[in-house]
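Shown next, in C-alpha coordinates, is the structure this report addresses.
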Amino acid sequence: MSTAAAKRGGPRDGAGRKPKSKTGELMKTRAMRWTDEGWADVLLIGMDRVRELVAKEAAKVRKQQGSE
(Lines give C-alpha, C1' and ligand atoms only; values in the text may rest on other atoms or scores of the structure.)
Protein backbone atom coordinates (compact mmCIF):
# COMPACT_ATOMS: atom_id res chain seq x y z
CA MET A 1 0.00 0.00 0.00
CA SER A 2 1.35 3.41 -0.93
CA THR A 3 1.59 6.28 1.56
CA ALA A 4 -0.26 8.61 -0.84
CA ALA A 5 -3.30 6.34 -0.81
CA ALA A 6 -3.48 6.44 2.99
CA LYS A 7 -3.78 10.26 3.00
CA ARG A 8 -6.62 10.47 0.48
CA GLY A 9 -10.24 11.09 1.34
CA GLY A 10 -9.86 13.03 4.57
CA PRO A 11 -11.49 16.35 5.44
CA ARG A 12 -9.77 19.42 4.04
CA ASP A 13 -10.26 23.17 3.80
CA GLY A 14 -13.27 24.04 1.72
CA ALA A 15 -14.72 20.53 1.80
CA GLY A 16 -18.40 19.96 2.45
CA ARG A 17 -21.66 21.58 1.49
CA LYS A 18 -21.78 25.34 1.22
CA PRO A 19 -24.65 27.34 2.71
CA LYS A 20 -26.82 29.19 0.21
CA SER A 21 -28.98 32.27 0.52
CA LYS A 22 -32.72 32.23 -0.16
CA THR A 23 -31.97 33.15 -3.77
CA GLY A 24 -29.58 30.20 -4.12
CA GLU A 25 -26.43 32.32 -4.14
CA LEU A 26 -23.46 30.70 -2.39
CA MET A 27 -22.60 32.30 0.93
CA LYS A 28 -19.02 32.71 2.13
CA THR A 29 -17.83 32.72 5.72
CA ARG A 30 -16.54 36.12 6.80
CA ALA A 31 -14.55 36.97 9.90
CA MET A 32 -15.97 39.74 12.09
CA ARG A 33 -14.88 40.92 15.52
CA TRP A 34 -17.56 40.92 18.23
CA THR A 35 -17.46 41.48 21.95
CA ASP A 36 -18.93 38.63 23.98
CA GLU A 37 -21.94 40.82 24.75
CA GLY A 38 -22.40 41.73 21.08
CA TRP A 39 -22.13 38.09 19.98
CA ALA A 40 -24.71 37.10 22.61
CA ASP A 41 -27.04 39.68 21.04
CA VAL A 42 -26.44 38.20 17.57
CA LEU A 43 -27.24 34.72 18.87
CA LEU A 44 -30.34 36.06 20.61
CA ILE A 45 -31.92 37.58 17.49
CA GLY A 46 -30.45 35.09 15.02
CA MET A 47 -28.08 35.44 12.09
CA ASP A 48 -30.89 35.64 9.52
CA ARG A 49 -32.29 38.72 11.28
CA VAL A 50 -28.81 40.27 11.51
CA ARG A 51 -28.43 39.81 7.73
CA GLU A 52 -31.84 41.45 7.19
CA LEU A 53 -30.88 44.42 9.35
CA VAL A 54 -27.54 44.86 7.59
CA ALA A 55 -29.16 44.68 4.14
CA LYS A 56 -31.83 47.21 5.16
CA GLU A 57 -29.26 49.64 6.57
CA ALA A 58 -26.98 49.24 3.52
CA ALA A 59 -29.90 50.00 1.17
CA LYS A 60 -30.59 53.17 3.18
CA VAL A 61 -26.94 54.28 2.95
CA ARG A 62 -26.78 53.52 -0.80
CA LYS A 63 -29.93 55.58 -1.35
CA GLN A 64 -28.42 58.51 0.60
CA GLN A 65 -25.16 58.31 -1.36
CA GLY A 66 -27.05 58.25 -4.65
CA SER A 67 -28.94 61.46 -3.82
CA GLU A 68 -25.76 63.42 -2.97
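The values are calculated or read from the model by the stated rules, or taken from the named source; none is laboratory data. In this text, all values refer to a predicted model and were calculated from it rather than measured experimentally. Methodologically, a virtual Cβ is constructed for each residue, glycine included, from the backbone with ideal geometry; neighbour enumeration extends over all protein chains shown.
Taking every residue in the stretch 43-64 that is within 18 Å of Ser21 (Cα to Cα) and pairing it with any residue that is assigned to a helix (DSSP H, G or I) and at pLDDT below 95, at least 6 positions away or on another chain, the pairs with Cβ-Cβ distances below 8 Å are Val50/Val42. Quick one: in the stretch 18-27, which of the residues that are closer than 14 Å to Asp48 by Cα, in a loop (DSSP other than H, G, I, E, B) and not aliphatic (A, V, I, L, M) is modelled with the lowest pLDDT? Filtering the stretch 18-27 for residues that are closer than 14 Å to Asp48 by Cα, in a loop (DSSP other than H, G, I, E, B) and not aliphatic (A, V, I, L, M), the one modelled with the lowest pLDDT comes out as Pro19.
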